[in-house]
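A.B. asks: Sending over a structure as structure tokens; questions will come in a sec.
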Amino acid sequence: MLKQRIITAAILIPLVLALILLPPTGFFATLIAIVFVGAAWEWSLLAGCRTQAGRAIVTMAAAAIFVALLIIRTPGLLTLLTVIGVAWWIGCCFWLRNFNFSAAPNAENRLLKLGTGALVIVPAFAAATLLHSSDRGNWWTLLALVIVWAADTGAYFNGRQFGRRKLAPRISPGKTWAGVYGAVMAGGLVAFLGGYLLGVRGTWPLCGMVVLGVATVGIAVVGDLFESLMKRHAAVKDSGALFPGHGGLLDRLDSVFAALPVFVAGKLLLGL
């Protein structure tokens, strides 16, 4: 399993770097829209759609939304969707406190989860597009992802070394508070260094970058837990099997979906 994960990561990382750093924003947005439509296909399963036809309808609806956003793509609309995403992820914390909320496999809960899927995926697309189109946006987009990746690494090693107290045992038994502390420290450090490399200067702006990194990591943990909760409800181990050793698209993007709106909103608040 570890060997598979390393091989998959070695293939994916150069592709992701090229996707972020090389193309103009229009092409970048089109590519991530295609990826996010794939994520919508996986989300339809977690939401309770068991037939291929039902899942196809959800996926086509997601594709229509992304086509519309690619056509419109105004800064005002993208900013609004980003703010909606921030509000959603803050509110999601209350959902995580109630494991059984919407767990029953009925039509009402299926519709609710399909709606939340839109709140998970669409604001992340808007935030990524808005960020990439900003000044030095390709590098800021890379920084947002590196913060999440560093947090994941910090959580893994700190959790393995010091993990005792469980974070949310019913949702994700492997996660610990020590892992969260490691993630926050790694994310804050990367945000500080990345901000400095991107020209952020001064004590308060750099402190703001650290706070932004910590907030981004905190909400990324929420995103990870929420996808785990949906998988518990759906009684599946992974959202898909696209990446050997890594699961599906949602398994790789759950933290990113939550992190992007918060990172972009924080960057705007900091005036960067």
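The values are calculated or read from the model by the stated rules, or taken from the named source; none is laboratory data. In this text the structure is predicted, and so the values were computed from the model without any measurement. Note: ideal-geometry Cβ built from the backbone for every residue, glycine included; neighbour counts use all protein chains shown. Surface areas here come from the heavy atoms of the whole protein model, side chains and all, with no ligands, DNA or RNA. Shrake-Rupley method; radii C 1.70, N 1.55, O 1.52, S 1.80 Å.
A.B. asks: Among the listed residues Gly174, Gly154, Gly163, identify the single one that is at pLDDT below 95, surrounded by 20 or more Cβ atoms within 10 Å (Cβ to Cβ) and more than 19 Å from Val262 (Cβ to Cβ).
C.D. replies: Just a single option satisfies the conditions, and that option is Gly163.
A.B. asks: With respect to Thr30, is the statement that it is touching a residue at least 60 places away in the same chain (Cβ under 8 Å), surrounded by 13 or more Cβ atoms within 10 Å (Cβ to Cβ), on the phi < 0 side of the Ramachandran plot and among the β-branched types (Val, Ile, Thr) true?
C.D. replies: Against the criterion (touching a residue at least 60 places away in the same chain (Cβ under 8 Å), surrounded by 13 or more Cβ atoms within 10 Å (Cβ to Cβ), on the phi < 0 side of the Ramachandran plot and among the β-branched types (Val, Ile, Thr)), Thr30 does not qualify.
A.B. asks: Where residues in the stretch 200-231 are surrounded by fewer than 23 Cβ atoms within 10 Å (Cβ to Cβ), touching a residue at least 24 places away in the same chain (Cβ under 8 Å) and of a type in the set (Gly, Ala, Ser), which of them is farthest from Val122 (Cα to Cα)?
C.D. replies: Checked the stretch 200-231; the qualifying residue farthest from Val122 (Cα to Cα) is Gly208.
A.B. asks: Look at Leu21 and say whether it is loosely packed, with under 15 Cβ neighbours inside 10 Å and touching a residue at least 60 places away in the same chain (Cβ under 8 Å).
C.D. replies: yes
A.B. asks: Hey, can you tell me all the residues within the stretch 101-121 that are over 25 Å from Leu167 (Cα atoms) and either in contact with a strand residue (DSSP E or B) (Cβ under 7 Å, 6 or more places away or on another chain) or part of a helix (DSSP H, G or I) (or both)?
C.D. replies: Of everything in the stretch 101-121, those that are over 25 Å from Leu167 (Cα atoms) and either in contact with a strand residue (DSSP E or B) (Cβ under 7 Å, 6 or more places away or on another chain) or part of a helix (DSSP H, G or I) (or both) turn out to be Ala107, Glu108, Asn109, Arg110, Leu111, Leu112, Leu114, Gly115, Ala118.
A.B. asks: Given the structure, is Gly266 at pLDDT 95 or above and among the small types (Gly, Ala, Ser)?
C.D. replies: Yes; evaluated as a whole, the condition is true for this residue.
A.B. asks: Somewhere in the stretch 44-52, is a residue aliphatic (A, V, I, L, M), part of a helix (DSSP H, G or I) and free of Cβ contacts under 8 Å to residues at least 24 places away in the same chain?
C.D. replies: no
A.B. asks: Now, a different point. For the stretch 38-52: of the residues being at pLDDT 90 or above and surrounded by fewer than 20 Cβ atoms within 10 Å (Cβ to Cβ), which is farthest from Leu111 (Cα to Cα)?
C.D. replies: Gly38
A.B. asks: Would you mention how many residues in the stretch 122-153 are of a type outside the set (Val, Ile, Thr), touching a helix residue (DSSP H, G or I) at 6+ places or on another chain (Cβ under 6 Å) and assigned to a helix (DSSP H, G or I)?
C.D. replies: 17
A.B. asks: Also, quick follow-up: Take Leu145 and decide whether it is within 27 Å of Ala126 (Cβ to Cβ), open to solvent by 90 Å² or more (accessible area, probe 1.4 Å) and of a type in the set (A, V, I, L, M).
C.D. replies: no
A.B. asks: While we're here: So which of Gly91, Gly76 is within 21 Å of Val222 (Cα to Cα), of a type outside the set (Ser, Thr, Tyr) and surrounded by fewer than 15 Cβ atoms within 10 Å (Cβ to Cβ)?
C.D. replies: Answer to the check: Gly91.
A.B. asks: Now a separate question. Would you pick out the residues in the stretch 254-272 that are over 17 Å from Ser133 (Cα atoms) and crowded, with 24+ Cβ neighbours inside 10 Å?
C.D. replies: Asp254, Ser255, Phe257, Ala258, Ala259
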